[in-house]
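Written below as structure tokens is the structure these notes are about.
Where a number appears in this text, it was derived from the coordinates with a stated rule and is not lab data. Remember, predicted model here, so these are calculated numbers, not experimental data. Virtual Cβ from ideal backbone geometry, glycine too; neighbours counted across all protein chains shown.
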Amino acid sequence: MEPNDTIPAAPEAPVDTPGPRRRPRGRTTLIITAAALLGISGGVAVGYGIQAERPPTPLSVLSQPGLGYPAKALPADRAPAPLPVAQDRQVKTDGDLRKLLVDKPKGAKKSLADELGIGDGWATLPEYAQDFYEDPNYMFESLAGGDFRRVASASWRRGQYGDIQVQLIQFRSGDLLGASDHVADQVAYMDEDKGGAGNLGHAIKGSREGRYFLFPVEREAGYLPSYRARALAVRGDIAMDINIYDTVPISKKDIRTLAERQLERL
């Protein structure tokens, strides 16, 4: 050790003085949280109490046009009158559908079934499909799938061998357009040579899609010639199907007039 060097003094022992202590957090936090919850609950309760004592606040007027209601009902002389039964189609078509069948044409005679008292003016779906279509099974499934409801039917004799048949096929009102689809399919089929009339037919007055058709005469050795005319139209949920059969020519006027008269009844 060098002469000028000094021995460092030994460090003094630390004085045992108490330092600041932390407060326990758990209890204080619980107290603060409880106080906050009490404050919120109390505020909500007071708010409900004040609101309950206030008079009700009226709602603002609707801003959409046409949604307001009059302060009082319109007088009887200004209130809209209900539709007459003759103009209310739902009342007409939901009743006895047979009453909407066209009256017997001039010069026509009762059918053999009417003379014998057979039939009541209704036809079942199997009867209609079987009597009027070459493929009754397909037609049965097609009509049933279109929500078929019922068929009102009428027939008369025309001349010596002629026959007139009128069917009103009604479908249930819903998502399907059974009547329109049925008539559209039949009108499209009429343009075919096999089974159809082989022509586009003619428009029926008073019906947008209704048409009437004259079929080519059918001749076979040993038999009288066969003539046919058909009219198809739709009115609401009812499809109109009229057929005239005869051994003598059928005029356009005969089938057109009968179709127009039937449409006027619907």
**Prompt:** FRET efficiency for residue 247 and residue 144, Cβ-Cβ distance as r, R0 = 41 Å, nearest 0.05?
**Reply:** 0.70
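Among 247, 124, which comes first, then next, by fewest other beta-carbon atoms within 10 Å?
On the way: 247 15, 124 10.
Ascending Cβ contact count within 10 Å gives the list 124, 247.
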**Request:** Mind giving me the FRET efficiency for residue 124 and residue 221? R0 is 41 Å, r the Cβ-Cβ distance, nearest 0.05 is fine.
**Result:** 0.65
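For residue 202 and residue 257 in the same chain, what is the full-extension length gain: residue separation times 0.36 nm, less their Cα-Cα distance, in nm? Walk me through the numbers on the way to the answer.
Values: separation 55, 0.36 × 55 = 19.80 nm, distance 1.25 nm.
My answer for the length gained is 18.6 nm.
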**Item:** Simple spin-label estimate for residue 114 and residue 189 in nanometres, 7 Å along Cα-Cβ
**Value:** 2.7
**Message:** Tell me which GluC sites (Glu not before Pro) from the stretch 164-254 have a DSSP coil assignment and no more than 12 other beta carbons within 10 Å of their own.
**Reply:** 192, 220
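To make sure I understand, if each residue's beta carbon is the centre and we count other beta carbons within 10 Å, what order do 128, 223, 161, 245 fall in, fewest to most?
On the way: 128 22, 223 9, 161 12, 245 17.
By the 10 Å Cβ count, ascending: 223, 161, 245, 128.
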**Request:** Scan the stretch 122-183 for trypsin sites (Lys or Arg not before Pro) in coil per DSSP, keeping those whose Cβ has at most 14 other Cβ atoms within 10 Å, and list them by number.
**Result:** 172
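Which ordering of 134, 141 is given by a fewest-first count of other beta-carbon atoms within 10 Å?
134, 141
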**Message:** A 19 angstrom limit on the alpha carbon distance is what I want to check against. Which of 106/253; 205/253; 110/252; 104/253; 194/252 exceed it?
**Reply:** 110/252; 194/252
